[in-house]
Amino acid sequence: MSTGPGADSAPAPTDIPVKSSMFSSLKIRNYRLFATGAVVSNTGTWMARITQDWLVLSLTGSSAAVGITTAMQFLPMLLFGLYGGVIADRFPKRKLLLTTQGAMGLGGLFLAVMTLSGNVEVWHVYATAFFTGLVTVVDNPSRQSFVSEMVGPDQIRNAVSLNSANFQSARLIGPAVAGVMTAAVGPGWAFLANGLSFIAPLTGLMLMRTSEFHPAPRRARGKGQLREGLNYVSKHPELIWPIVLVGFIGTFGFNFPIWLSAFANGTFHGGSGMYGMFNTLMAIGSLVGALLAARRGTSRLRVLAGAAIAFGVLQVAASMAPTLWLFVLLLVPIGILGLTVNVTANSTVQMGTDPEMRGRVMALFMMVFTGGTPLGGPLFGWLTDAYGVRLSFALGGIICAIAAVGVGLMLARAANLRLKVDLRKGQQHLAFVPRELATAA
């Protein structure tokens, strides 16, 4: 890790093993409170997300409308994401999260009232999604960087992995509960459950012991803090290229609300139950990926590039699946690989960033990862409506795979490595080796 904003670029210490068990960060009381509250609110969030997508598709019959809903939720991150990082570095993160989590709960309750009263229209969903996105601008970098303050530097990678496992566990429960609830009593009750679920993280935050935090230095109000964050990242290629890669993955590869709803509604002629099943299978894969990441003692950049390439290739394969059972079979490994990319990139960036810069750097990370959705969502929604979901899904996978190859080569160059090709029998045919070794060979 560099010693300050002006330090020379150096590879992040992501290949140094750290002794930890799969659930080691849960030994820390504050993090246990955080994780317990998060699994409840994440379940509510997934209930609302699945119900929201299906409600918009039911009201409009348009995949493009689902894409617009997704875009409205992530547009604020694209426009204002870096400012959220400045705020996260300037104010106590626990107090920020109490504010943002409460605001998200109010947004969920508003949509519940409109739906239960029978007055819901598509623009209500758009407005709620945009409001949630505005709150997320501050919530995301605050929550991401707050993890290190709860667990300390030795447990960052494990805690980041468990956060993802937490989110994906809720993804297993939320869609199933939402499907049953929507079928039995209507979508409004799923939105109500989401709004009330934020009571759990608010309670957890209030019960935390502030004396046990590992607080990062806070930055005083001043000019040039946005530029300072961007300059910091620009001097560290081991930060730049993982952020670039997740930008491609987020924009072109994570449009699953559009693709899975279209496959369920059109290609395989199912309904909301099939859409929920697709999301559950993706969640199973993502949960497995998160737990495998939690067991790893390192966050190797070659794992990042390799998983991203395989993620794109499997998307292309799934787009051509002729039968439902084959499509379903491919969703689990796609979930594993997508989560591996996300967790590896996240922990690599966090571990390679100085504490006083972490809020701004993670804001850039999340802005790039989710900020591309306002572009990718409508684009792939339109492609799905105009040319079919198979072409749309395949194009997303092709772009992700090509981007991953390019980023992998740039990361190797930054680490002074080059690709060595050896076609001799019994030898490793492809390997990255130090430049001088490759030249000698």
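The values are calculated or read from the model by the stated rules, or taken from the named source; none is laboratory data. Values in this document were obtained by computation on a predicted structure and should not be read as measured data. All Cβ positions, even for glycine, are placed from backbone atoms using ideal geometry, and neighbour counts span all protein chains on display. Areas reflect the complete protein model, heavy atoms only, side chains present, ligands, DNA and RNA absent. Shrake-Rupley method; radii C 1.70, N 1.55, O 1.52, S 1.80 Å.
Worth pointing out:
- Counted charge near residue 205, where neighbours are those whose Cβ lies closer than 15 Å (Asp, Glu -1; Lys, Arg +1): +4
- Couplings 3J(HN,Hα) for region 145-155, derived from phi with the Karplus relation 6.51 cos²θ - 1.76 cosθ + 1.60 (θ = phi - 60°), are 7, 5, 4, 5, 6, 7, 10, x, x, 5, 10 Hz, where x marks Gly and Pro.
- Rel. contact order, % - alpha carbon contacts under 8 angstrom, at least six apart, region 245-368: 33
- Considering only 147, 175, 104, the residue lying farthest towards the positive end of the dipole of region 66-191 is 147, judged by Cα position with unit charges set on Cβ.
- Cα centroid separation, region 326-357 to region 163-188: 22 Å.
- Accessible area (Å², per residue) of region 115-233, counting only protein heavy atoms and a probe of 1.4 Å: 45
- Remark on residue 23: its backbone amide H falls under 5 Å from none of the residues 5 or more positions apart or on other chains, H modelled at 1.01 Å from N.
- For region 76-88, backbone phi angles converted through the Karplus equation (6.51, -1.76, 1.60; θ = phi - 60°) give residue-by-residue couplings of x, 5, 5, 7, 10, x, 5, 5, x, x, 4, 5, 5 Hz, Gly and Pro being listed as x.
- Counted charge near residue 33, where neighbours are those whose Cβ lies closer than 14 Å (Asp, Glu -1; Lys, Arg +1): +4
- Accessible surface of region 227-331, 1.4 Å probe: 70 percent of it comes from carbon and sulfur atoms.
- The listed peptides 251-261, 59-69, ordered by packing as a protection proxy, come out as 251-261, 59-69 (highest mean of other Cβ atoms within 10 Å first).
- Modelled spin-label separation between residue 32 and residue 122, with each label point placed 7 Å from Cα along the Cα-to-Cβ direction: 4.9 nm.
- Order of exposure, largest accessible area first, which applies to 121, 149 with probe 1.4 Å: 121, 149
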